[in-house]
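Values quoted throughout were computed directly from the atomic coordinates according to the rules given, and no laboratory measurement underlies them. These numbers come from a predicted model, not from an experiment. A quick note on method: Cβ atoms are made from the backbone with ideal geometry, for glycine too, and the neighbour counts reach across all protein chains shown.
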Amino acid sequence: MNYKDIKIKLENLAKSLGASLVGFCKLDKPSKYAPSLNYGISIAVKLSDAVFKTIEDAPSFMYFQHYRTANALLDQIAFRLSQKIEELGFLAMPIAASQSLGKNSPYNGAIAHKTVAVLSGLGFVGKSGLFLSNEYGSKVRLVTILTNLPIESDLPIIENGCGDCEICKNACPAGAIFGEKPNALGERNIDAELCSNYMKSNFQDIGRGSVCGICIKVCPKNNL
């Protein structure tokens, strides 16, 4: 089986369905929920510059709807690619774009999307705790497929590019960003609970209160 050709076909399929970036990697630590699936596919969709321009000191209705639409698109792309992978005789588990393990672990998922994206060579995790791609900065949403299809990255892991910048830390209304660089795989450098609680307390009029976007709006790598 020619895995190079499979990789190209899967990438082309993902992009035909709306993906902006696609990366492949071998996982150093497979998810405990799927220990036999030790490869990952990272898929990113770029978000709208025009929508981000509607964010000032709070999220906007436009951003809330855009965020949800992007998640739905990513889930559909991951579902379709997983079907194709299983048609080839391998296993594939799509991990939802907006994942959670429920009330007992609300800030964690089956695997961190940004970790798979970093291992795929698509970008790095910034001080904001967000994944930043080379092409689009943090103006992306991610989804992941776990699989036993043995396709690895041919791209190097990218070094953190935040430098001394602390714009996101200073702009965060919740004070949830520590201003510290995470390691290469993006272990948490923000207080996710503080971030979530602030949004739920202050942005309920926008929607479910779990999206903000201010740290994305102010990041200089996003050219907004």
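Report summary: the helix-based calculation at 222 nm, which adds -39500 (n - 2.57) for every DSSP H run with n ≥ 4 and divides by the residues of the chain, gives -9500 deg cm²/dmol.
The charge dipole of the chain, taken about its Cα centre with unit charges on the Cβ of Lys, Arg, Asp and Glu (plus for the first two, minus for the last two), comes to roughly 340 debye. A simple rule links phi to the HN-Hα coupling: the Karplus curve 6.51 cos²θ - 1.76 cosθ + 1.60 with θ = phi - 60°, which for the stretch 76-88 gives 5, 4, 5, 4, 5, 5, 4, 4, 5, 5, 6, 5, 7 Hz, with x for Gly and Pro. Rounded to the nearest 10 degrees, what's the angle between the helix 3-16 long axis and the longest principal axis of the chain, both from Cα atoms, 0 to 90? The helix 3-16 is inclined about 40 degrees to the chain.
Along the Cα-to-C-beta direction of residue 3, a point sits 7 Å from the Cα; which residues of the stretch 145-160 have their amide N less than 20 Å from that point? Taking a point 7 Å out along Cα→Cβ of residue 3, the residues of the stretch 145-160 whose backbone N falls under 20 Å are 145-157. Electrostatic bookkeeping for residue 25 treats Lys and Arg as +1 and Asp and Glu as -1; over the other residues with beta carbon under 13 Å from its beta carbon, the sum is +1. Applying the Karplus relation 6.51 cos²θ - 1.76 cosθ + 1.60 with θ = phi - 60° to the stretch 52-64 yields 3J(HN,Hα) values of 5, 5, 7, 8, 10, 9, 7, x, 10, 4, 5, 5, 4 Hz, where x marks Gly and Pro.
Report the Cα centroid-to-centroid distance between the stretch 7-36 and the stretch 53-128 in angstrom, as an integer. Each part's Cα centre sits 12 Å from the other's. Annotation: extensible slack from residue 49 through residue 69 equals 5.7 nm (criterion: 0.36 nm per residue apart, minus Cα-Cα distance). Counting Lys and Arg as +1 and Asp and Glu as -1 over every other residue whose Cβ lies under 12 Å from the Cβ of residue 167, the net charge comes to +2. In percent, rounded to a whole number, the relative contact order of the stretch 1-95 is 24, using alpha-carbon pairs under 8 Å and six or more apart. Taking the Cα atoms only, what angle lies between the long axis of helix 192-202 and the longest principal axis of the chain, rounded to 10 degrees? That helix lies at roughly 50 degrees to the long axis. Just add up the charged neighbours of residue 86: K/R +1, D/E -1, any other residue whose Cβ is under 15 Å from the Cβ of residue 86. Net of charged neighbours comes to +2.
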